[in-house]
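So the structure is just underneath, and the comments pick up after that.
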Amino acid sequence: MELVRELPLDQVLLGDAVRVMRMLPAASVHCVFADPPYNLQLRGELRRPDDSLVDGVDEAWDRFTDFATYDAFTREWLGECRRLLRKDGTLWVIGSYHNIFRIGAILQDLGFWVLNDIIWRKANPMPNFRGRRFTNAHETLIWAARGQDSRHRFNYQAMKAMNDDIQMRSDWFIPLCTGAERLRNAHGLKLHPTQKPEALLHRILLASTAPGDIVLDPFLGTGTTAAVARRLRRHYIGIERHPAYVEAALGRVRRVRPAAAEALAVTAGRREVPRVPFGSLVERGVLPPGTRLTDRNRRVEAVVVADGTIRVGPLQGSIHKVGAEVQHAPACNGWLFWHVERDGALVAIDGLRILPADPTE
């Protein structure tokens with residue numbers, strides 16, 4: 001088989017997930033989202049009491065006959081995902097109680113480092129038709145870094161802003177895919193039995209990727225990951241073995257209009273703030289010698305010195321050391337403690353670190 005020599009960016013590829021992934025170069029993608037087959041138990045539970053199949057499900061949808069076969073398949077595709085991920089890349093995999101525990105153990109065996117498990121609570125879950133169990137109202141997502149030493153991306157401030165300025169929790173309440181978003185065949189039946197809502201993928205990609213990143217979905221289905229990636233200006237590579245799903249995904253992606261670039265800037269977290277020495281602000285003229293600094297309550301005032309220290313009476317030293325001494329505290333984050341007046345308002349000097357290199361720009 002001829003190897004693919006360039007990444008097939010923004011393409012939907014027809015074929016077996018493992019075979020196609022083996023054709024791609026190592027360490028080439030930033031993020032993987034995987035919605036693999038749910039394993040053999042699911043067939044019986046997608047039947048109504050009269051033994052008819054739920055809309056959109058066919059006999060061949062889940063082809064595994066025992067756990068050993070499923071586990072071997074899982075090791076193969078997860079192994080390829082780890083090979084394709086960059087060192088600091090992350091994997092998202094979603095499943096139910098039928099398969100997620102087996103997947104979790106295998107991905108840990110392969111060297112992935114689990115960051116979170118997320119509970120997707122469905123606002124409108126499918127009922128338990130046989131009445132023999134609780135209604136299964138959630139699915140589980142595992143978010144894992146490629147390895148323990150990965151410096152994974154997490155857009156913490158974006159997730160906090162999305163949640164009314166409260167830390168985003170690990171239980172997400174999102175409705176199932178319904179209405180116009182749900183793709184249907186010529187008979188009006190669901191085209192895919194587990195089509196994921198775009199809201200779910202929006203949150204995943206916004207949390208763990210940046211514009212221009214490459215997202216791989218080895219079980220693309222009808223193209224939710226590709227559609228959301230295109231809207232958020234991420235590159236995507238989708239793999240799907242079912243021709244009807246590929247056709248639907250291609251049509252769906254073509255209808256998506258990418259968001260304007262200025263609409264994709266996310267709130268920067270502290271990791272993204274440049275680690276600029278205080279002295280750099282002094283020598284650049286952002287805080288020239290003689291500038292008066294104060295705490296937010298204006299109880300103490302300091303003077304900026306030419307060498308990048310500050311002085312309060314006889315005390316002189318770094319912004320952190322002097323800040324700690326005036327508070328009689330063991331330590332102090334001077335960037336947050338000290339403020340400067342700008343246009344009649346006090347501003348923490350921490351915010352000055354994001355100014356351009358040339359303060360006249």
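The values are calculated or read from the model by the stated rules, or taken from the named source; none is laboratory data. The model shown is predicted, which means the values in this text are computed figures rather than measured ones. Counting neighbours? That spans all protein chains shown, and the Cβs are built from the backbone with ideal geometry, glycine included.
Here are some notes:
- Of residues in region 204-241 being on the phi > 0 side of the Ramachandran plot and in contact (Cβ under 8 Å) with a residue 24 or more places away in the chain, the one nearest to the chain's Cα centre (by Cα): Arg233
- Residue tally, condition at positive phi and touching a Phe, Trp or Tyr at 6+ places or on another chain (Cβ under 9 Å), over region 119-165: 0
- Filter result for the condition that a residue is in the same structural domain as Leu183 (by TED's automatic domain parsing), aliphatic (A, V, I, L, M) and either at pLDDT below 95 or over 28 Å from the mean Cα position of the chain (by Cα) (or both), over Ala324, Ala329, Ala348, Ala244: Ala244
- Which listed residue, of Phe154, Phe129, is within 13 Å of the chain's Cα centre (by Cα) and either in the same structural domain as Leu264 (by TED's automatic domain parsing) or free of Cβ contacts under 8 Å to residues at least 12 places away in the same chain (or both): Phe154
- None of Val303, Val312 is outside the structural domain of Gln195 (by TED's automatic domain parsing), hydrophobic (A, V, I, L, M, F, W, C) and touching a Leu at 6+ places or on another chain (Cβ under 8 Å) except Val303.
- Residue count, region 120-178 (criterion: in a strand (DSSP E or B) and farther than 23 Å from Gly212 by Cβ): 12
- Members of region 231-254 that are of a type in the set (Lys, Arg) and closer than 16 Å to Leu7 by Cα: Arg234
- Some residue of region 54-67 being under 16 Å from Trp143 (Cα atoms), more than 20 Å from the chain's Cα centre (by Cα) and either part of a helix (DSSP H, G or I) or at pLDDT below 95 (or both): no
- Whichever residue in region 87-112 is part of a strand (DSSP E or B) and surrounded by fewer than 16 Cβ atoms within 10 Å (Cβ to Cβ) and, among such residues, is farthest from the chain's Cα centre (by Cα): Lys87
- Residue within region 74-90 that is touching a Pro at 6+ places or on another chain (Cβ under 6 Å), acidic (Asp, Glu) and either at negative phi or not assigned by TED's automatic domain parsing to the domain that holds His202 (or both) present: no
- So Asp71, is it more than 16 Å from the chain's Cα centre (by Cα), over 20 Å from Pro218 (Cβ atoms) and not in a strand (DSSP E or B): no
- Qualifying position, being touching a Gly at 6+ places or on another chain (Cβ under 6 Å) and either at pLDDT 90 or above or in a loop (DSSP other than H, G, I, E, B) (or both), among His187, His202, His192: His192
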